[in-house]
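Asker: Shown below is the structure under consideration.
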Amino acid sequence: MLRWCIPAILAAGTAMGADFSDPDWPCIQRKQPHLSLGQVWSGPLPDATTEELARGPAIQGLAQELEQRRLPVEEAEGRIARFAADHEPQELVALYVATFERIEAVRNRVMAGITRYAHSQEALDRRINAARTEMSRLMAAEDKDFDRIDALEEQLDWDTRIFRERQQSLTYVCETPVILERRAFALGRAVTQHLPK
């Protein structure tokens, strides 16, 4: 039996996402293109002063630290508590606004990367299907071109392996926006704990 036979699930490509309205979205999770502050923040709404404070270097510096996923949320909560000890509530709101904007920027880049990932998988899927069609034609010919068959079989093996590896890593890739959303929510909750009730 030739190794170039590809299971039907591989031929399905990246069209297995839950959001069937967007063919560029390969993930099981429903696509949420953008986060709004209100989705992850229960504190006071920022005003013009808050927005200006959020652009300050001290707040931007701490926001950059808090946004980093390698910083555990527990450590981030400690840094927020230390900041809250000697800053006004409006500065705390500004800190969260700055942090949220950074998380959302990273999330937007991840979402764009997932779309590029889906396009790459679709292109590879088309190439695999074209090679399978050519392989069928070559195998049906009376005078078989075994050199071409061997080369095509090797290409199919390689492309199929890459396709499978990408599909397996898709689970992790698709989790990243969710992880960022959870981080934004957790940090928002940490900040609101230090605001006046």
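The values are calculated or read from the model by the stated rules, or taken from the named source; none is laboratory data. All of these numbers come straight from a predicted model, not from anything done at the bench. We place every Cβ from the backbone using ideal geometry, glycine too, and count neighbours over all the protein chains shown. Ligands, DNA and RNA are stripped out before the accessible areas are found, and what is left, the full protein with its side chains, is counted by its heavy atoms. Shrake-Rupley method; radii C 1.70, N 1.55, O 1.52, S 1.80 Å.
Asker: Select from region 186-197 the residues that are of a type outside the set (K, R) and surrounded by fewer than 16 Cβ atoms within 10 Å (Cβ to Cβ) and write down the one among them that is farthest from L95 (Cα to Cα).
Answerer: The residue in question is P196.
Asker: Checking the condition open to solvent by 70 Å² or more (accessible area, probe 1.4 Å) and either assigned to a helix (DSSP H, G or I) or more than 30 Å from P196 (Cβ to Cβ) (or both), which residue from H34, H119 passes?
Answerer: Only one candidate qualifies: H119.
Asker: Same structure, new question: State the number of residues belonging to region 56-95 that are charged (D, E, K, R), over 26 Å from the mean Cα position of the chain (by Cα) and not in a helix (DSSP H, G or I).
Answerer: Within region 56-95, residues that are charged (D, E, K, R), over 26 Å from the mean Cα position of the chain (by Cα) and not in a helix (DSSP H, G or I) number 2.
Asker: Could you pull out the residue among R69, R82, R107 that is within 21 Å of A184 (Cα to Cα), open to solvent by less than 20 Å² (accessible area, probe 1.4 Å) and among the charged types (D, E, K, R)?
Answerer: Just a single option satisfies the conditions, and that option is R107.
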